[in-house]
Amino acid sequence: MRQRGMSVRHHRQTHPNHTDRVLPLGLFLVFFGSFALPLLAFTCAHPPECKGDRDCIERLGTSYACFVSKCIDRSKLPEKPKFEIPPDEPNPEPEPQPEQTIEPEQTIEPEQTIEPDTTPTQDGLRALFEPCLSLRGAAPKDRCRTGLVCVRVNSLESRCLQDCTNNASICATNTDGRNECTRVSYERYALSPIRVCAKFTQKDENCDPRQAVLCAKNQNPHLICTSATCATARILNLEGEDCSDGQSPPVECNVDAGLACDPSTNKCVKGVPALEGDRCDRNNPSSGVRRVCERGHSCVGFTNNGQSIEICLKDCKLSDPLGTCLHKQGANMICRAFGPAGYCVERDCKSQADCKLEGHSKECSTLTDQSKICFPLPPEGTRKAGELCNTTPAQSCEHPFNCVPTTTAGAERRGYCGVQCLTNEDCALMPFNASCNLNRQDGIRLCGYPCAKNEDCPTGLVCGNGRFCTAP
């Protein structure tokens, strides 16, 4: 299954993107993946002031005209577009080609200086042990309070735990037994260790990573948490040791020794564990730290906006597309074919808000059969919501935002960091009073900025044709 303008790469085969298409609708275009989608709808919350030039002439004189339901001076009417939109031409679907190395796009330096955002980050609202999101751009309601850190405690949940990464002594004052500072995960961006205050329990005692209650490890015996109970296991300390499933007692590669079990070889390899929805590496990355998917999952390659990304997805059976994807409560998942195999993805989404799976950020995307799934965003950048961006790695957006290009200049696609939406409330993360007023051709809506003049737009954007804010 291929997505229009986005490709999915399996370890044996690449599904290339369709050729870019420019549709003859609208002045400003939004690029989705590698194909163009017009902004088809614009709504305004203010009542119209005029329905035609006659209304303005009768009220204000012949020097005024009706533009976007408002009377403005004719001398201030925006210029007509300086480029023409070519007619749409059908493009044949290309045949699959062997996987090729994807070279990064050339970095395009911004033509306009963007002032840094000096607004202090609002503290998170999530308390100890509560569910959370670890995205940089997550809303305060989804971030942890000061002193806590958002940790993936299993493949389906993230919780706020007490952060002791830089100060192990803070655990000594806890009165609930969480007195030891221990590594439990890795920071999602830099892959540096995350340490939290934890309580260690012994064989046959209860364990619950969501409450930082862990099993004693690297002792005799080594223990792992199975069905909420600490059970005997064997720790593997050497690269290349057999970590296959079904051994008695069960085995575990020593994460503290920098090892992870590679399910494709059933061997301990150098790397860090990656859970469902996390980024992964099929080959050794330039960083030297390989992210290895857990058992029952595969590292699947995707391409979005010309940038490649690899994500852990749960293996499933195409013969039982629903029954083999029931593991995530609250998520509407189905087994879809990407390359020769099937993987669980979230389906029937209407916006990013419907993408419930933890890990790497996703957006709602339309496949060639018009079905909608949650598709991985490009690798995260540093541009914040509402700031200028383009589709190169150097000027991409922090998650959960994605670059919404509104203008083209050759191969360059410039726009602003935006988010998908269903209502105006979904645009609360966007600065400068964004509203859910832009519609893509496939029916997915985006947060935009209505305007009548440049001053109505965030810094760096201009009022495009007196309708909505765009890149200059």
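The table that follows gives values for the structure above.
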quantity	calculated
Exclusive hit being over 20 Å from Ser192 (Cβ atoms) and either polar (S, T, N, Q) or open to solvent by 30 Å² or more (accessible area, probe 1.4 Å) (or both), set Asn254, Asn266, Asn284	Asn266
Matching option when the condition is of a type in the set (Ser, Thr, Tyr) and surrounded by fewer than 23 Cβ atoms within 10 Å (Cβ to Cβ), among Thr382, Thr406, Thr366	Thr382
Tally of residues being in a strand (DSSP E or B) and either touching a strand residue (DSSP E or B) at 6+ places or on another chain (Cβ under 9 Å) or open to solvent by 30 Å² or more (accessible area, probe 1.4 Å) (or both) across region 295-308	9
Top-ranked residue in region 167-191 [being free of Cβ contacts under 8 Å to residues at least 12 places away in the same chain and closer than 20 Å to Val255 by Cβ; ranked as least open to solvent (accessible area, probe 1.4 Å)]	Glu187
Considering residues of region 128-178 that are among the small types (Gly, Ala, Ser) and in contact with a Ser or Thr (Cβ under 7 Å, 6 or more places away or on another chain) only, the residue modelled with the highest pLDDT	Ser158
Among the candidates Leu422, Leu367, Leu429, residue that is at pLDDT 90 or above, out of contact with any Phe, Trp or Tyr (no Cβ under 7 Å at 6 or more places or on another chain) and among the hydrophobic types (A, V, I, L, M, F, W, C)	Leu422
Search result, residues across region 269-281 that are open to solvent by less than 60 Å² (accessible area, probe 1.4 Å), under 26 Å from Cys215 (Cα atoms) and either in a strand (DSSP E or B) or not hydrophobic (A, V, I, L, M, F, W, C) (or both)	Val269, Gly271, Val272, Ala274, Glu276, Gly277, Asp278
Scope region 383-399; condition outside any strand (DSSP E or B) and farther than 8 Å from Gly137 by Cβ; matching residues	Gly386, Glu387, Thr391, Thr392, Pro393, Ala394, Gln395, Ser396
Residues of region 409-444 classified as part of a strand (DSSP E or B), surrounded by fewer than 21 Cβ atoms within 10 Å (Cβ to Cβ) and charged (D, E, K, R), total	1
Matching strands (runs of 3 or more DSSP E) fully within region 144-192 where at least 3 residues are of a type in the set (Ser, Thr, Tyr)	180-186
Count of residues meeting criterion [crowded, with 17+ Cβ neighbours inside 10 Å and more than 17 Å from Gly277 (Cβ to Cβ)] in region 309-340	2
Test: residue in region 199-214 that is open to solvent by 50 Å² or more (accessible area, probe 1.4 Å) and assigned to a helix (DSSP H, G or I)	yes
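The values are calculated or read from the model by the stated rules, or taken from the named source; none is laboratory data. Because the structure is a prediction, the values reported are computed rather than measured. Using ideal geometry, Cβ is built from the backbone for each residue, glycine included, and neighbour counts are taken over all protein chains shown. Accessible surface areas use protein heavy atoms only, side chains included; no ligands, DNA or RNA. Shrake-Rupley method; radii C 1.70, N 1.55, O 1.52, S 1.80 Å.
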